[in-house]
Amino acid sequence: MAEGCMMALRYGMVFFNLLFWLGGCGILGVGIWLSVTQGNFATLSSSLPSLSAANLLIAVGTIIMVIGCLGCVGAVKESRPLLLAFFILLLLIFFLEILSIMLFFIYQDEIDRYAQRDLKKGLQLFGTEGNVGLTNAWMIVQTDFRCCGVTNHTDWFEVYNATRVPDSCCLEYSDNCGLDNPGTWWTAPCYERVKDWLNDNLVALWIFALCTALTQILGLVFSMTMFCQAVKVETFYA
């Protein structure tokens with residue numbers, strides 16, 4: 001009976017980690033695809049130039065693949081060190097996620113102020129040599145969200161030292177339309193537009209977060225149960 005339960009647990013653990021590993025492969029693949037095809041699309045942040053969507057996906061995908069591989073091999077071989085390593089890594093990530101969410105809600109106002117300052121600082125790099133990624137990112141954000149600047153379209157006046165905005169701020173795009181009358185520009189702040197979009201999709205974000213947490217908890221339960229069973233079997237035959 002105990003052996004049957006252990007076998008079922010092993011298959012469940014292998015299946016779980018196989019899905020986990022395949023998910024990591026998928027995320028890594030998307031990250032590599034973005035890096036190759038959209039290499040010029042980088043971060044809007046001037047202080048974190050490497051924090052692009054592609055780099056984030058590659059890092060997350062790699063971590064998930066490594067953890068999934070540890071759990072899968074540990075389950076197949078019933079290796080206590082691998083199962084314990086899988087459990088510790090997954091638990092550490094789980095706690096870091098909870099800590100990040102708590103800190104975000106506690107310091108939300110400070111984060112907002114810092115983010116706006118950093119984004120405004122990044123505007124100064126728009127259109128400059130070696131910052132094609134940041135330039136393209138701002139053009140995409142302003143076009144897709146129909147906004148202009150971080151907190152106001154006048155943010156661009158300090159960048160150009162003139163009453164003008166990038167062409168991506170125009171209601172109807174055309175070359176040098178950013179030099180036309182302000183009545184032809186988007187005036188909504190991009191920072192608020194993006195926040196509103198996130199709030200509109202808050203339910204989907206929470207569902208994703210809960211599914212992720214549930215998956216991690218199941219992984220923790222499976223791995224620790226298998227680890228304890230492996231210890232009992234080794235003690236019994238010792």
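The values are calculated or read from the model by the stated rules, or taken from the named source; none is laboratory data. Keep in mind it's a predicted model, so treat the numbers as computed, not measured. Ideal geometry is used to build each Cβ from the backbone, glycine not excepted, and the neighbour counts take in all protein chains shown. The area values use the complete protein model at the heavy-atom level, side chains included, leaving out ligands, DNA and RNA. Shrake-Rupley method; radii C 1.70, N 1.55, O 1.52, S 1.80 Å.
Below 20 Å, Cα to Cα, which aspartates and glutamates can residue 77 reach? Residues fewer than 8 away in the same chain don't count.
3, 234
Seen from all sides and averaged, what is the projected area of the convex hull of the Cα atoms in the chain, in nm²?
For the Cα atoms of the chain, the hull's average projected area reads 16.0 nm².
Could you work out what % of the accessible surface of the chain is carbon and sulfur, using a 1.4 angstrom probe and leaving DNA, RNA and ligands out of the count?
Here it works out to 68 percent.
Per DSSP H run of n ≥ 4, the term is -39500 (n - 2.57); total these for the chain, divide by its residue number, and report the mean residue ellipticity at 222 nm rounded to 500 deg cm²/dmol.
Details: 8 runs with 171 residues, N = 238.
The helix contribution divided over the chain gives -25000 deg cm²/dmol.
In square angstrom, what is the accessible area per residue of the stretch 1-237 with a 1.4 angstrom probe?
That works out to 61 Å² per residue.
In what order, largest first, do 109, 175 sit by accessible area if the probe radius is 1.4 Å?
175, 109
Suppose R0 equals 41 Å. What FRET efficiency, 1/(1 + (r/R0)^6) with r the Cβ-Cβ distance, do residue 60 and residue 158 give to the nearest 0.05? Don't jump to the answer; show the numbers that get you there.
Details: r = 35 Å, r/R0 = 0.86.
After rounding to 0.05, the efficiency reads 0.70.
Going by amide H atoms built from the backbone, whose H comes under 5 Å of the H on residue 170, apart from near neighbours?
Correct list: 186.
If you plug each phi of the stretch 100-117 into the Karplus form 6.51 cos²θ - 1.76 cosθ + 1.60 with θ = phi - 60°, what whole-Hz ³J(HN,Hα) values come out, in order, with x for Gly and Pro?
Residue by residue, the stretch 100-117 yields 4, 5, 4, 5, 4, 6, 5, 10, 4, 5, 5, 5, 4, 5, 5, 4, 5, 4 Hz.
At R0 = 25 Å, how high is the FRET efficiency between residue 180 and residue 132 if r is their beta carbon distance? Nearest 0.05 is fine.
Computed FRET efficiency for residue 180 and residue 132: 0.50.
Treat every Asp and Glu Cβ in the chain as -1 and every Lys and Arg Cβ as +1, leave all other atoms uncharged, and give the resulting dipole magnitude about the Cα centre to the nearest 20 debye.
The dipole magnitude comes to about 780 debye.
For the chain, with a Gaussian network of springs between Cα atoms less than 10 Å apart, report the residue from 179, 70, 82 with the top mean-square fluctuation.
179
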